[in-house]
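S.K.: Have a look at the structure that comes next, please.
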């Protein structure tokens, strides 16, 4: 075994043997090479004042070589903040600013121990890293029955996990914490469960209220107290877009440090929060009771990044950092939030008008980008294709009854017409 791997594993096992047991076979084997090109280049960058002939970039006139046709569109930025490789863990200043942001927005984290966020190539990459670190063949990934389809690919296809579903809603239309608890406790024999929490939820746009949030934490804690090692991944892709009465912070804060058998992992990013989908800037953050344990998990995460993408894109990290540091940031962010909230409110006004009650219900929603119709009379895929071909309206069919509508990408003034078209599409099919 590589000496670095051995040391990392010994540290994790000594600090928390339960976390060591949570690691996948890949998670136990991975490490970040401290003696190699990157480490030698970093040493040279600090000490080679005459000639630095180490890392694979080109230098011209004391700065990274670049084409003017590219630089002229990015003239507000220094070449060193664009063209050089970003560190594998991400731009240090960005990591620091994002950590402060998480702490400011998550009061429950006060006094708790959590890592510096590591930059990922957006949310999917963060989920993939977590899958590599913690998921082995046939491990249980516990997700509600209404979930993002990419979970199946990321955890099931790539890592061989078994997706265990429970109903998202209970009979009262609230989050089904009892179903979550039952799914966790069902893993007693294997002794391990990976719980995936996604709020605001994709596809339904639902976020639990405060009482439901406490019930979720209690469900996870019950699993830990039953002797199950629980990795909790909070997929906070749509964080901050809370439009009604719901929890206003990530459950990462409540779950951090609650039990030695619980490892909380926050996966978030600028992608949706800052409306920069194509920038591909995300973060993965760990909470554990020991700084040395967090450091070892960071090294393993960097090892996975080094082995896959090497490092994330530098320009987009620079752009996000500048935005977060701008004095205009808060006001602009609030303006966009207001637009999104108005769209969500308009959707509810239209749906609650009573005009469409004969053909659909809708699942409770209060946040995020989406909502879901529950069709009463027609097949969702049949309706989807009919709308596309006859009305030029695009929606997403999920199973036999559910139709996801992204109000995020429809102007408020067009929302009534959108649902009128969907309704007419239902009526067309009913007559066929």
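The values are calculated or read from the model by the stated rules, or taken from the named source; none is laboratory data. Predicted model, so just to flag it, every value in this text is computed and none were measured. So basically every Cβ, Gly included, is an ideal-geometry build from the backbone, and we count neighbours across all protein chains shown.
S.K.: Which of the residues that make up region 385-399 are under 27 Å from the mean Cα position of the chain (by Cα) and either more than 27 Å from residue 272 (Cα to Cα) or modelled with pLDDT of 95 or more (or both)?
M.R.: Across region 385-399, the qualifying residues are 394, 395, 396, 397, 398.
S.K.: Looking at (1) farther than 25 Å from residue 213 by Cβ; (2) in contact (Cβ under 8 Å) with a residue 12 or more places away in the chain; (3) in a helix (DSSP H, G or I), which one does residue 179 not meet, given that it meets all the others?
M.R.: All conditions pass for residue 179, except number (1).
S.K.: Could you check region 358-405 for strands (runs of 3 or more DSSP E) lying wholly inside it with 2 or more residues that are in contact (Cβ under 8 Å) with a residue 60 or more places away in the chain and surrounded by 21 or more Cβ atoms within 10 Å (Cβ to Cβ)?
M.R.: Where strands (runs of 3 or more DSSP E) fall fully within region 358-405 and carry at least 2 residues being in contact (Cβ under 8 Å) with a residue 60 or more places away in the chain and surrounded by 21 or more Cβ atoms within 10 Å (Cβ to Cβ), they are 370-375.
S.K.: Go over the candidates 49, 34, 80 one by one and state the one that is modelled with pLDDT of 85 or more and either touching a strand residue (DSSP E or B) at 6+ places or on another chain (Cβ under 8 Å) or assigned to a loop (DSSP other than H, G, I, E, B) (or both).
M.R.: Of 49, 34, 80, the one residue that is modelled with pLDDT of 85 or more and either touching a strand residue (DSSP E or B) at 6+ places or on another chain (Cβ under 8 Å) or assigned to a loop (DSSP other than H, G, I, E, B) (or both) is 80.
S.K.: Here's something else I'd like to know. Taking residue 304 as meeting all but one of (1) in a helix (DSSP H, G or I); (2) buried (at least 20 other Cβ atoms within 10 Å of the Cβ); (3) not assigned by TED's automatic domain parsing to the domain that holds residue 173, write down the number of the exception.
M.R.: (3)
S.K.: Looking at this structure, is residue 189 part of a loop (DSSP other than H, G, I, E, B), surrounded by fewer than 17 Cβ atoms within 10 Å (Cβ to Cβ) and in the same structural domain as residue 230 (by TED's automatic domain parsing)?
M.R.: Criteria met by residue 189.
S.K.: State whether the residues of region 229-251 include one that is outside the structural domain of residue 396 (by TED's automatic domain parsing), assigned to a helix (DSSP H, G or I) and under 27 Å from residue 17 (Cα atoms).
M.R.: No, there is no match, as no residue in region 229-251 is outside the structural domain of residue 396 (by TED's automatic domain parsing), assigned to a helix (DSSP H, G or I) and under 27 Å from residue 17 (Cα atoms).
S.K.: Residues of region 184-208 being under 22 Å from the mean Cα position of the chain (by Cα) and farther than 23 Å from residue 244 by Cβ, which ones?
M.R.: If the condition is that a residue be under 22 Å from the mean Cα position of the chain (by Cα) and farther than 23 Å from residue 244 by Cβ, then 184, 192, 193, 194, 195, 196 are the ones that fit.
S.K.: Given the options 142, 153, name the one that is under 23 Å from residue 203 (Cα atoms), in the same structural domain as residue 269 (by TED's automatic domain parsing) and in a strand (DSSP E or B).
M.R.: 142
S.K.: For the list (1) in contact with a strand residue (DSSP E or B) (Cβ under 7 Å, 6 or more places away or on another chain); (2) farther than 25 Å from residue 134 by Cα, I need the number of the one condition that residue 288 fails.
M.R.: (2)
S.K.: Do we have residue 321 as surrounded by 17 or more Cβ atoms within 10 Å (Cβ to Cβ), touching a helix residue (DSSP H, G or I) at 6+ places or on another chain (Cβ under 7 Å), more than 30 Å from residue 367 (Cβ to Cβ) and at pLDDT 95 or above here?
M.R.: The answer is no for residue 321.
S.K.: Only one residue in 288, 264, 270, 256 is closer than 24 Å to residue 16 by Cβ, under 16 Å from the mean Cα position of the chain (by Cα) and crowded, with 19+ Cβ neighbours inside 10 Å. Which one?
M.R.: Result of the check over 288, 264, 270, 256: 264.
S.K.: Taking the options 84, 110, 68, 60, name whichever one is in contact (Cβ under 8 Å) with a residue 24 or more places away in the chain and surrounded by fewer than 19 Cβ atoms within 10 Å (Cβ to Cβ).
M.R.: Just a single option satisfies the conditions, and that option is 84.
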